[in-house]
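All remarks here apply to the structure that follows.
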Amino acid sequence: MTPSFEQRIFRYLPWLIGPLCFGLLALFMGQDANWDLRNYHFYNPYAFLYHRLDYDVVPAQVATFYNPLFYIPFYEAVLRLPPMLVGFLLGAVQGLNFPLLLAIARNVMGSTLSIPWWRGFLIALIGLLGAGNISELGTMFGDNLTSLLVLGGLLLLLANFRKLTDWRMPEALLLVIAAGFMIGLAAGLKQPAVVFAVGWCVAFLVIPLPIGQRIALAFLFGVGVLAGIAGSGGYWLHEMWIRYDNPLFPYFNHIFQSSMASMADYRDVRFLPHSLVEALFFPFVIVWDPLRTGEIAFRDLRFALFMVLLVISGFSALGTKKLGGRWSQSAKPANPDVSLARHKKIFLLAGSLVSYAVWLKIFCIYRYLLPLEMLTPLGIWLLIDTLPWRQPKKNYAALCCAILLLVTLRPGNWGRVSWGDDYFGVKTPLLNDPANTMVLMTGVDPMAYVIPFFPEPVRFVRIQSYFTGPSDAPNGFDRLMQRLIAEHHGPLYVLYRSYEEEQSRDSLLAYGLAIDAGDCRLLTPHIEEHLDHPLTFCAVVQTDPFNDRGKNK
């Protein structure tokens, strides 16, 4: 049947509305100036394109070893386009999550009777108006970019769910592999996305098929995931293996035991739950103390509200003896379309819950959970729809939940500056002999973003960071830097944040060096217009030729 004009409008309009609205919202919020941008979002693609991984020494600290392929389009855009256009384009691409969410919502709710057209729009809109997603608009954190692949893979499965339940169709097997491939691509570009691959791999076990066929589908999905990871991250995993004997370098180095890093796993465990009780109530912990799951304050009640409704729905099902039965009072068990819709909802909720559990165990960093933040309003509606209420009462409850989420919302702020003519506004000091100049970097503040603006021959060596530094147990990069500095005979400088001057002096002293206080300049790039402590660029002199950098040995 040919779709009507109205149907065509509602099919294609979201693909225009989403990018346009969220591109404009990104402009309204201001230019991104977050910590990771100044640390590695801009430096890593530059280092990859100009072959500096063996030239500079860990200037972006641990993040120096993150897959740079993801950030190359952003790097090229910053060099070639006005900052406001870069921000709009980023927001527009991130706005593509809207039509994907809308399609998922319509697909899952499509068999429910009396579903008005606006409900899917409202669910998708609230999905994107989450504290995490708004905070990342116009940024290169990437969580709401890889979400396009995660949601796209999920939509592919849900839109073809009837085929998945027909084991005899070869097309179904290819669809499962393709969906796994899409989510694998996301995990290859940014490793935390692997939690969604695990979640929906496990969700195949709830599909209404014999257990052997469920396992086979999960296996094929896993094959697709591995192929996707190989496609987007395989090259970089191979590079890390060849260079450092650890494909995940420096993570899990206690297993791979690369000589270039300490024998540690390097995981950020600051945000993991401290007990089983805290883990069970973590959706409420996020509301009570958002700094338990990230570095910035925010407020979003969606996960707590979902958990409350999950408990209410469970007790309601037990109380009415309908556990595993109908999802809606109006649903007829004999209707195959209703049965299919029910299994779609179970699949969606199961994958979401497993993904959340894996995230809770491995990361517990809120921004890694953005695809689930987007899906949670749909999950809230699905739980409300299980309750033994009449449809008007369900509509009223859903509307109250939507209003509650919007009026209590407080997005996070990773750092923004006003829009200017230059994205970073870096003005480098004049160097007399750049071909033989080495710049030492100290402290833990992000500053690698300035490197692409220096003359290309200038070498940057980070002698202190949260990955390297003077100690009694130097890692391989510490030893490499000892040798490079000892053999260097040209101009030597140090770059550090002004409030970290004391640590910088101590780090230099370990190498028998000191700051030349008479030759210092302050760097005040536009991107740091709100920061109180400027970057300081000073000449370095040798103080103790007999020290021979002994503290590093």
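The values are calculated or read from the model by the stated rules, or taken from the named source; none is laboratory data. It should be emphasised that the depicted structure is a prediction, and the values quoted were computed from it without experimental measurement. Ideal geometry is used to build each Cβ from the backbone, glycine not excepted, and the neighbour counts take in all protein chains shown.
Points worth noting:
- Qualifying residue in the range 184-202 (condition: over 30 Å from Glu295 (Cα atoms), assigned to a helix (DSSP H, G or I) and touching a residue at least 12 places away in the same chain (Cβ under 8 Å)): yes
- Any chance Leu154 is crowded, with 24+ Cβ neighbours inside 10 Å, not β-branched (Val, Ile, Thr) and not in a loop (DSSP other than H, G, I, E, B): yes
- Of the residues making up the range 247-261, not a single one is among the β-branched types (Val, Ile, Thr), in the same structural domain as Leu129 (by TED's automatic domain parsing), closer than 21 Å to Phe467 by Cβ and part of a loop (DSSP other than H, G, I, E, B).
- Leading residue by the ranking (modelled with the highest pLDDT) among those in the range 362-416 that are polar (S, T, N, Q), surrounded by fewer than 19 Cβ atoms within 10 Å (Cβ to Cβ) and farther than 18 Å from Ala297 by Cβ: Asn395
- No other residue among Leu89, Leu175 is closer than 20 Å to Pro19 by Cβ, in a helix (DSSP H, G or I) and assigned by TED's automatic domain parsing to the domain that holds Leu37 apart from Leu89.
- Checking Leu79, Leu53, Leu122, Leu69 one by one, the residue that is surrounded by fewer than 20 Cβ atoms within 10 Å (Cβ to Cβ), out of contact with any Leu (no Cβ under 9 Å at 6 or more places or on another chain) and either of a type in the set (Asp, Glu) or in contact (Cβ under 8 Å) with a residue 60 or more places away in the chain (or both) is Leu53 and no other.
- Residue that is nearest to Ser465 (Cα to Cα), among those in the range 19-32 that are surrounded by 23 or more Cβ atoms within 10 Å (Cβ to Cβ) and over 16 Å from the mean Cα position of the chain (by Cα): Gln31
- From the list Phe42, Phe88, Phe48, Phe10, the one residue that fits, being at pLDDT 95 or above and farther than 24 Å from Ser465 by Cα, is Phe88.
- Residue within the range 378-398 that is among the hydroxyl-bearing types (Ser, Thr, Tyr) and not in a helix (DSSP H, G or I) present: no
- Arg292 surrounded by fewer than 19 Cβ atoms within 10 Å (Cβ to Cβ), under 25 Å from the mean Cα position of the chain (by Cα) and under 29 Å from Trp35 (Cβ atoms): yes
- Test: residue in the range 93-113 that is touching a residue at least 60 places away in the same chain (Cβ under 8 Å), in contact with a strand residue (DSSP E or B) (Cβ under 7 Å, 6 or more places away or on another chain) and not charged (D, E, K, R): no
- Inter-residue pairs, beta-carbon under 6 Å, first at pLDDT 90 or above and small (Gly, Ala, Ser) and in the range 528-545, second surrounded by fewer than 18 Cβ atoms within 10 Å (Cβ to Cβ) and not in a loop (DSSP other than H, G, I, E, B), 6+ apart: Ala539/Asp516; Ala539/Asp519
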